[in-house]
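The values are calculated or read from the model by the stated rules, or taken from the named source; none is laboratory data. Everything numeric here is computed off the predicted structure, so don't read it as measured data. Backbone-built Cβ (ideal geometry, glycine too); neighbour counts: all protein chains shown. When the accessible area is computed, the model is the full protein with side chains, heavy atoms only, and any ligands, DNA or RNA have been set aside. Shrake-Rupley method; radii C 1.70, N 1.55, O 1.52, S 1.80 Å.
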Amino acid sequence: MTLFIVGVIVSFSIFLIVGLLVGRTVKSADDYYVTGRNATTLFLAGTLFVSMLSVNGFTGDQGWVYSGNLTSLVLLNAICAIGYIVGPLVFGRYLRRTRCRTMPEYFGMRFSDLRNRRVAGVITIVSITAYLLATYTGVSILLQELTGLPFWACVMMVWAASTGFTFYAGSKGVIVTDLIMFLVFMGGSVFVCYFIIQAQGGLSELMPNLIANPYKPEGLLNYHGNIPGTGADSAFGSIMYSVTLGIVWMVVFAVSPWQAGRNLMAKNEHVILRAGAICAILTVMYLLFLNMASISVLNINPHLEDPQRVLIWASINVVPPLLGVLLLSGIMAAGLSSDSTFLSVIGFSATTDLVKREFKSDKHLLSSSRKIMLGVGVIALILTLMGLAGVRIIAWFASEVIASSWLVAGVGSVVSKKLSSTGARWAMMSGFISFMITRSLVGLGIQPFAALFVNFLHPFFIGVAISLLFAILGSRLHPITAAEKEFYDKMMVIPASEVVAKEYATDRKFGYLLVAAGVVTTTLLLFGWALPFNGYI
Amino acid sequence: MGEIIFSFVIGGCLVLAGIILIVASSRESKRELARLADSAETSD
């Protein structure tokens, strides 16, 4: 256990030192918020994937897999991976073209209306505060497991480290630590997963061991997964749950501040698409491998009290200590990195998107942002200490809020010439409100709504439908203005410097790579699981 | 049988993403390179 505590301290220290060093190079708000807009493919892929995965990918999601919903998560991941390509094509790269610093700022610029910026700002703050809660909880659980300290002490330490990092480093520090962590936990986790799978007899024994395991959850190896684990009462309901959440996360990748917003840092539009291709492949293939390690633990210890600690338990009890330290430190730093990203987005949004205010200088702007971050961080700290829900539930709630509120306004702002400022604003507000109401009814178990709002009537779909209705209504009653049309026309022009035949050819190579990855994935699933499970081989 | 279909769906999602990227990139490069060539001729 001492080695793990040392590993955690070293991880924290490297994290803070990197933040302080990079922080010295931050000279302007552009540097702070969008790293000076020159991130390369690898940097962007690293920060995108780490931001998506965060702590939830290693805790909450793996707990769900361990509890019997491997196939549910694999299906969800496959659907949402498409968002890494479609998202930039219909939204992300246009966001970058406007040279905005945040997404609420984009909505304000696109529709020449400060009110749109404010509404988007409020939604951003609500959603990201919820996500911040999830990551504070996840990292604290990890720290508690390693150190044995009480939960409240771990939360305080996580809050202090992430707040300190955010104050000085900004997005420049985040993108550097994201890349380091991306490489560390990717490399570390591959070896860790190998050892976990080996500990139960190797890859060839995984399926036979699971089939023979009397303690495995019901439905683990079936295409529909553990049905009650999705809140459904039929195989169709279980699949629909995965499809719905897959679509939600696809939309999240397309329009959320912590995913689409990363595109603001890209060197050019080709980088956005290539980074998206890398992330799509990792979302399906790397996460499938990680999930296999989690279900391997069922053959070693099928009685974990808290399933969301499955990889933490395995890192401490199954794999060589140094590897375990590497992985857990990497997860910790990934979580802290996410905390910092969320804090800085909240801080800037609250400072500039909600209230019209002139700042004397970038220094003054950054100073105000930091005060807001401190305040919001304290609120999130208090909510985390209250222990409202599991990591996965909170994180997915945060993603559903954004997806429901911004899908129509976000994608519509690019694909529709007729969506007006009023239409976009009403779409965001109605999507947000209708989602919050229906989701609360379901979350609180209020009948008949909890039983009714499922599958195609999931609160996400209700929010989007109502959002679309109000988008059309608002645009009909208050059509677009000349200023909106002018901005739209300008946004549609691809910068001449980016129209290079060689760059497009490279983008297409990434497309072929995606196709190849898909073929390999299907082959592995067929011969490693589907055919043997059904007795064909 | 469901597991077999499932396997094709999972890989199929990546294949679909790849096809979308290839097609979008091809169409855009043809359109934009042609537009640039037209602008260059006009300015000449």
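Does B:Arg35 satisfy being more than 7 Å from chain A (Cβ to nearest Cβ), out of contact with any Leu (no Cβ under 7 Å at 6 or more places or on another chain) and at pLDDT 90 or above?
no
Quick check on my filter: what residues within the range A:514-530 are facing another protein chain (nearest Cβ under 7 Å) and either surrounded by 16 or more Cβ atoms within 10 Å (Cβ to Cβ) or more than 24 Å from B:Ile20 (Cα to Cα) (or both)?
The answer is A:Leu514, A:Val515, A:Ala517, A:Gly518, A:Thr521, A:Thr522, A:Leu525, A:Leu526, A:Trp529, A:Ala530.
Looking at A:Leu44, A:Leu76, which one is more than 14 Å from every other protein chain (Cβ to nearest Cβ) and either within 28 Å of A:Met373 (Cα to Cα) or touching a residue at least 60 places away in the same chain (Cβ under 8 Å) (or both)?
None of the other options fit; the residue is A:Leu44.
Of everything in the range A:106-135 that's in contact with a Ser or Thr (Cβ under 6 Å, 6 or more places away or on another chain) and open to solvent by 10 Å² or more (accessible area, probe 1.4 Å), which residue is nearest to A:Cys154 (Cα to Cα)?
That would be A:Leu133.
I need the full set of residues from the range A:273-303 which are more than 12 Å from every other protein chain (Cβ to nearest Cβ), part of a helix (DSSP H, G or I), of a type in the set (A, V, I, L, M) and open to solvent by 30 Å² or more (accessible area, probe 1.4 Å), in order please.
The one that is more than 12 Å from every other protein chain (Cβ to nearest Cβ), part of a helix (DSSP H, G or I), of a type in the set (A, V, I, L, M) and open to solvent by 30 Å² or more (accessible area, probe 1.4 Å): A:Met292.
For the range A:305-330, what are the residues that are within 12 Å of A:Tyr66 (Cβ to Cβ) and open to solvent by 30 Å² or more (accessible area, probe 1.4 Å)?
A:Glu305, A:Asp306, A:Pro307, A:Gln308, A:Arg309, A:Trp313
Which numbered condition trips up A:Ser467, out of (1) within 9 Å of chain B (Cβ to nearest Cβ); (2) within 28 Å of the chain's Cα centre (by Cα); (3) hydroxyl-bearing (Ser, Thr, Tyr)?
(1)
Hey, A:Ser475 hits all of (1) within 14 Å of chain B (Cβ to nearest Cβ); (2) open to solvent by less than 40 Å² (accessible area, probe 1.4 Å) but one; which does it fall short on?
Of the numbered conditions (1) within 14 Å of chain B (Cβ to nearest Cβ); (2) open to solvent by less than 40 Å² (accessible area, probe 1.4 Å), the odd one out for A:Ser475 is (1).
Would it be correct to say that B:Ile10 is in a helix (DSSP H, G or I), farther than 22 Å from A:Val500 by Cα and within 7 Å of chain A (Cβ to nearest Cβ)?
yes
For B:Ile4, indicate whether it is open to solvent by less than 60 Å² (accessible area, probe 1.4 Å), over 18 Å from A:Ser72 (Cβ atoms) and either in contact with a helix residue (DSSP H, G or I) (Cβ under 6 Å, 6 or more places away or on another chain) or at the interface with chain A (Cβ under 8 Å from one of its Cβ atoms) (or both).
No: the conditions fail for B:Ile4.
For (1) more than 26 Å from A:Pro321 (Cα to Cα); (2) more than 14 Å from chain B (Cβ to nearest Cβ), each residue gets a yes or a no:
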{"position": "A:Phe185", "(1), (2)": "no, yes"}
{"position": "A:Gly188", "(1), (2)": "no, yes"}
{"position": "A:Pro208", "(1), (2)": "yes, yes"}
{"position": "A:Tyr215", "(1), (2)": "yes, yes"}
{"position": "A:Gly225", "(1), (2)": "yes, no"}
{"position": "A:Pro228", "(1), (2)": "yes, yes"}
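How many residues does the range A:142-151 hold that are under 25 Å from the mean Cα position of the chain (by Cα) and open to solvent by 10 Å² or more (accessible area, probe 1.4 Å)?
Of the residues in that region, 3 qualify.
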